[in-house]
Amino acid sequence: MTKPKVVVTRAAPKTGFSEGTESPIAQGVRCGDFVFVSGQGPLDPTTKLVVSGDIETQTRVTLDNVRAVLEAGGTTLENVVKVGVFLRNIDDFAAFNRVFKEYFEGVQPARTTVEASPPRKGVNVEIDAIAWIPRA
């Protein structure tokens, strides 16, 4: 059995609980045939600043960050089996879901969506994911 390996990519921000301090979490972890993506938010990968407050824009940036971590770990959105979604305002669900469907067209992962308060001000959506890595 192989040891878990931390997934690192500059194509997504490394997030944590406190701005300006080193994060205590990995962007993702590859373990066996799976990649586990830590909660990603609507942060620009370069500036690490929160993008527009619009839920559709925030969802796109967040899913782009999830995709980047998955790809760095050796898999893709098409192989996602479980997604956790945290919305600051559950009234954003319909708009969030429209964008989610664009990214997961033809794929139906298991998903949990809850109303919660992501720890960073201005972050209106956070998403984590689990994906399998197909064997060649």
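The values are calculated or read from the model by the stated rules, or taken from the named source; none is laboratory data. It should be emphasised that the depicted structure is a prediction, and the values quoted were computed from it without experimental measurement. Because the Cβ atoms are built from the backbone with ideal geometry, glycine has one as well, and the counts that use them run over all protein chains shown.
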* For the stretch 42-53, does any single residue satisfy the condition of being without any contact (Cβ under 8 Å) to a residue 24 or more places away in the chain, in contact with a helix residue (DSSP H, G or I) (Cβ under 9 Å, 6 or more places away or on another chain) and over 21 Å from A110 (Cα atoms)? -> yes
* Answer yes or no as to whether T46 is surrounded by 22 or more Cβ atoms within 10 Å (Cβ to Cβ), of a type outside the set (K, R) and in a loop (DSSP other than H, G, I, E, B). => no
* Asked: Is it the case that A95 is outside any loop (DSSP other than H, G, I, E, B) and of a type in the set (A, V, I, L, M)?
  -> yes
* Structure fact -> In the stretch 33-50, anything more than 13 Å from E126 (Cα to Cα) and of a type in the set (A, V, I, L, M) is listed as V35, L49
* Asked: Are any residues in the stretch 51-66 over 23 Å from T76 (Cα atoms) and either surrounded by fewer than 17 Cβ atoms within 10 Å (Cβ to Cβ) or touching a Leu at 6+ places or on another chain (Cβ under 6 Å) (or both), and if so, which ones?
  -> S52, G53, D54
* **Matching residues, the stretch 72-94, being over 30 Å from R135 (Cβ atoms) and free of Cβ contacts under 8 Å to residues at least 40 places away in the same chain** => L87, R88, N89, I90, D91, D92, F93, A94
* **Sole residue being hydroxyl-bearing (S, T, Y) and either in a helix (DSSP H, G or I) or more than 19 Å from V125 (Cβ to Cβ) (or both), chosen from T15, T57** => T57
* To do: Filter the stretch 98-136 down to residues that are outside any strand (DSSP E or B) and basic (K, R) and give me whichever is surrounded by the most Cβ atoms within 10 Å (Cβ to Cβ).
  => R120
* To do: Would you check if A26 is in contact (Cβ under 8 Å) with a residue 12 or more places away in the chain, touching a helix residue (DSSP H, G or I) at 6+ places or on another chain (Cβ under 6 Å) and surrounded by fewer than 19 Cβ atoms within 10 Å (Cβ to Cβ)?
  => no
* To do: Scan the stretch 103-127 for residues that are in contact with a Ser or Thr (Cβ under 9 Å, 6 or more places away or on another chain) and closer than 12 Å to L77 by Cα and report the count.
  => 1
* Structure fact -> Going through the stretch 119-136 in order, the residues found to be modelled with pLDDT under 95, in contact with a helix residue (DSSP H, G or I) (Cβ under 7 Å, 6 or more places away or on another chain) and within 21 Å of F100 (Cβ to Cβ) are none
* **Index of the failed condition, V85 passing every other in (1) within 22 Å of L43 (Cβ to Cβ); (2) assigned to a helix (DSSP H, G or I)** => (2)
